[in-house]
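Notes to accompany the following structure.
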Amino acid sequence: MSVTAEQQVWVRQARAQSALSKLFDWKPFLVVMCMLPAVGLLAVFLTYPLGLGIWLAFTDTTIGRSGRWVGLENFEYMLEDPIWWNAVFFSVFYTGVATIGKFGLGLWLALLLNNHLPFKSMLRAIILLPWIVPTVLTAIAFWWIYNPQFSIISWMFIELGLRDTNIDFINTAWPARWSLIGANIWRGIPFVAISLLAGLQTISPSLYEAALLDGSTGWQRFRYITFPMLLPILAIVMTFSIIFTFTDFQLVYAITRGGPVNSTHLLATLAFQRGIPGGQLGEGAAIAVSMIPFLVFATLFSYFALARRKWQQGESND
């Protein structure tokens, strides 16, 4: 029995469809195809800008002029620059103090909201407001609060008879630094509080009931139940908070623009000032690249902290 040409075409199509079906049933191929769009977006919007920034850091590129390769010259100049060292100091100090403040107040709020309170849903929505408001609007509000002439804080102190003159919040170095830290803490508390509250609600109430039957105190329940069970989410939230705080730009630049006399520059604001208004793209890129080791450290901290999840589940760490 002879096979017609039409039948041969049909057989070839059926075989091709069968092979394609088997290919999509193969799990590694399916995983690659599902990840391909995300990898493409990351390559375009993350890998390329990062690679370009690293390349510019080794050149003397300026705005309007393509540069030439200068090797480590930008980094050598940066290490000799006292303004860069001041930015490193304040970036670490700003991140450390603000993170401690946000987590102390955020954990307290999360523990408070985890109890049975009247209007609890409304309180949660109100607490989220500082996080929802755009950062620039927050910065403008704090700029008004810290204004040397129109500060509402100064007005309250004067009306209460605690001071005779206005407080100069942002025109001297250390008051300006503490003012920025206060603004960052106020803005970051909702993110920490709501994230930790979500973690608290995953802890089984039976653990607390068993501890109460054993006569444990509130501190003992927090130390031996709440904190260990909250540690994985705590590590994730802390890592994101450290990264967000260390790379903060809008809040600092809108309130002080790095002043007075470069005393409140973070590495992010200094990199922008040197690269865009200053026109030195290579130098600005080098300052931005110098932030990478700090961010890598924060990521590694998250990884090793999350390794304790296995310990909580009764398994040995790898």
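The values are calculated or read from the model by the stated rules, or taken from the named source; none is laboratory data. Every value quoted in this text rests on a predicted model; they were computed, and no experiment measured them. Because the Cβ atoms are built from the backbone with ideal geometry, glycine has one as well, and the counts that use them run over all protein chains shown. Heads up: the accessible areas ignore ligands, DNA and RNA and are worked out on the full protein's heavy atoms, side chains in. Shrake-Rupley method; radii C 1.70, N 1.55, O 1.52, S 1.80 Å.
Structure notes:
- Those residues of segment 105-131 which are within 24 Å of V252 (Cβ to Cβ) and modelled with pLDDT of 85 or more, in sequence order: L105, G106
- Evaluation of I167 against the conditions (1) assigned to a helix (DSSP H, G or I); (2) open to solvent by less than 50 Å² (accessible area, probe 1.4 Å) shows that the sole unmet condition is (1).
- Within segment 187-237, the set of residues being among the hydroxyl-bearing types (S, T, Y) and closer than 30 Å to V136 by Cβ comprises just one member, S195.
- Counting the residues of segment 142-165 that are of a type outside the set (V, I, T) and over 22 Å from V252 (Cβ atoms) gives 9.
Quick grid of which residues meet (1) more than 24 Å from I233 (Cα to Cα); (2) touching a residue at least 60 places away in the same chain (Cβ under 8 Å); (3) touching a Phe, Trp or Tyr at 6+ places or on another chain (Cβ under 7 Å):
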residue	(1), (2), (3)
D81	yes, no, no
G104	no, no, no
W108	no, no, no
L111	no, yes, no
H116	no, no, no
F119	yes, no, no
I126	no, no, no
P130	no, yes, yes
V133	yes, no, no
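- Test: residue in segment 189-204 that is closer than 26 Å to A110 by Cβ, touching a residue at least 12 places away in the same chain (Cβ under 8 Å), touching a Pro at 6+ places or on another chain (Cβ under 6 Å) and assigned to a helix (DSSP H, G or I): yes
- Residues that are part of a helix (DSSP H, G or I) and small (G, A, S) were ranked within segment 39-68; the one that is farthest from G279 (Cα to Cα) is G40.
- Enumeration of residues in segment 123-154 that are in a loop (DSSP other than H, G, I, E, B) and open to solvent by 70 Å² or more (accessible area, probe 1.4 Å): P134, Q149, F150
- All conditions but one from (1) in contact with a helix residue (DSSP H, G or I) (Cβ under 9 Å, 6 or more places away or on another chain); (2) surrounded by 13 or more Cβ atoms within 10 Å (Cβ to Cβ); (3) closer than 25 Å to V261 by Cβ apply to L200; the one that does not is (3).
- Count of segment 240-298 residues which are closer than 19 Å to L50 by Cβ and hydroxyl-bearing (S, T, Y): 2
- Here the condition is being open to solvent by 60 Å² or more (accessible area, probe 1.4 Å) and at pLDDT 90 or above; of E6, E76, it holds for E76 alone.
- Within the option set L20, L30, being open to solvent by less than 80 Å² (accessible area, probe 1.4 Å), over 15 Å from A285 (Cβ atoms), in a helix (DSSP H, G or I) and modelled with pLDDT under 85 holds for one residue only, L30.
- Segment 259-281: number of residues that are in a loop (DSSP other than H, G, I, E, B) and touching a residue at least 60 places away in the same chain (Cβ under 8 Å): 11
- Where a residue in segment 41-58 is surrounded by 11 or more Cβ atoms within 10 Å (Cβ to Cβ) and its partner, wherever it lies, is among the aromatic types (F, W, Y) and not in a helix (DSSP H, G or I), with Cβ under 7 Å and at least six apart: F58/W69
- I225 being touching a residue at least 24 places away in the same chain (Cβ under 8 Å) and in a helix (DSSP H, G or I): no
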